[in-house]
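The values are calculated or read from the model by the stated rules, or taken from the named source; none is laboratory data. This one's a predicted model, so the numbers in the text were calculated from it and none came from an experiment. All Cβ positions, even for glycine, are placed from backbone atoms using ideal geometry, and neighbour counts span all protein chains on display. Note: areas computed on protein heavy atoms with side chains; ligands, DNA, RNA excluded. Shrake-Rupley method; radii C 1.70, N 1.55, O 1.52, S 1.80 Å.
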Amino acid sequence: EPEVTQTPSHQVTQMGQEVILRCVPISNHLYFYWYRQILGQKVEFLVSFYNNEISEKSEIFDDQFSVERPDGSNFTLKIRSTKLEDSAMYFCASISPRSTDTQYFGPGTRLTVL
Amino acid sequence: GNSVTQMEGPVTLSEEAFLTINCTYTATGYPSLFWYVQYPGEGLQLLLKATKADDKGSNKGFEATYRKETTSFHLEKGSVQVSDSAVYFCALSRNTGGFKTIFGAGTRLFVKA
């Protein structure tokens, strides 16, 4: 069964550094998402992406964040200048055009900002 | 706005006990409802879903019924195992617009042998 993949599984960075989290959604999916889960807390929506543009973003998704689909397969989340409070698990998800009621989640990238 | 409220944890049960984790939602229209499970150190796994009123989702002995009249989607299992120890998230997704998923706060379940 096709899966959403994410790399790296764990990223450690210094405060103020830029990080790029990578995701490969399932190949025929059209909607793409990033979610964040701070340790021990709920999963929060960050941004949705469709037709090469952001379709919705949350209050968390400020100017420090950006998303891109640089080619036909990757979907990236960039944090320009990381803060301690960006430490979290970041999940990518995608939706099939034939079954829009279910999101397929990747395994997550754990980001640790020191 | 749309939201999900689920019972606070942790919930601690003995093996073979009956499990109920309550979940209620607020949403306009007719959302799809989900339960996700997160095992320690792992990502989110879809446990079950229901897409319309009175639907029952089931998987691995877990069940939940979409109750529109009470806006609830309670998770149940008749006999839990130690391996069911995890965090369970109730969630909803609107079937319009961007289809984003809104999660509850999660309920941690501990099952003792």
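Taking every residue in A:42-49, how many Cβ atoms of other protein chains lie within 10 Å of its Cβ, on average?
That works out to 5 on average.
Sort A:His29, A:His10 by accessible area with a 1.4 Å probe, largest first.
A:His10, A:His29
Run the accessible area of chain B with a 1.4 Å probe and give the carbon-and-sulfur part as a rounded percent.
49
So how much accessible surface do B and A hide from each other in total, probe 1.4 Å, in square angstrom to the nearest 100?
1600
If I take the Cα coordinates of the protein assembly as shown and project them onto the principal axes, what are the three extents in Å, biggest first?
Answer, in whole Å and largest first: 48, 37, 34 Å.
Using the heavy atoms of the protein chains and a 1.4 angstrom probe, tell me the accessible area per residue for chain A in square angstrom.
Solvent-accessible surface per residue comes out at 50 Å².
Looking at segment B:15-110, which GluC sites (Glu not before Pro) are DSSP coil and have at most 16 other C-beta atoms within 10 Å of their C-beta?
Sites meeting the loop and neighbour criteria: B:Glu15, B:Glu16, B:Glu42, B:Glu69.
Output the peptides B:98-104, A:14-20 sorted from most to least packed, where packing is the average of other Cβ atoms within 10 Å over each peptide's residues.
Ranking, from highest mean packing down: B:98-104, A:14-20.
Given bins 10 angstrom wide, list per bin the percent of all Cα-Cα distances in chain A, short to long.
15, 50, 30, 5, 0
Taking a probe of 1.4 Å, how large is the accessible area per residue of chain B, in Å²?
46
Taking a cut-off of 25 Å between Cα atoms, list the lysines near A:Lys57, but don't count ones fewer than 8 places away on the same chain.
Within the straight-line cut-off, A:Lys57 pairs with A:Lys42, A:Lys78, A:Lys83, B:Lys49, B:Lys100.
Suppose accessible area is computed on protein heavy atoms with a 1.4 Å probe; arrange A:Asp63, B:Asp84, B:Asp54, A:Asp71 from highest to lowest.
Ranked list, largest accessible area first: A:Asp63, B:Asp54, A:Asp71, B:Asp84.
Between the DSSP loop rule and a limit of at most 16 other Cβ atoms within 10 Å, which GluC sites (Glu not before Pro) in segment A:20-114 are left?
A:Glu59
Would you grab the residues whose amide H sits under 5 Å from the one on B:Gly9? Only those 5+ places off in sequence or on another chain, please, with H modelled 1.01 Å from N.
Here B:Arg108 satisfy the definition.
Determine which aspartates and glutamates satisfy two conditions relative to B:Lys52: a Cα distance under 14 Å, and not lying fewer than 8 residues away in the same chain.
Result set, ordered by chain and number: A:Asp101, B:Glu69.
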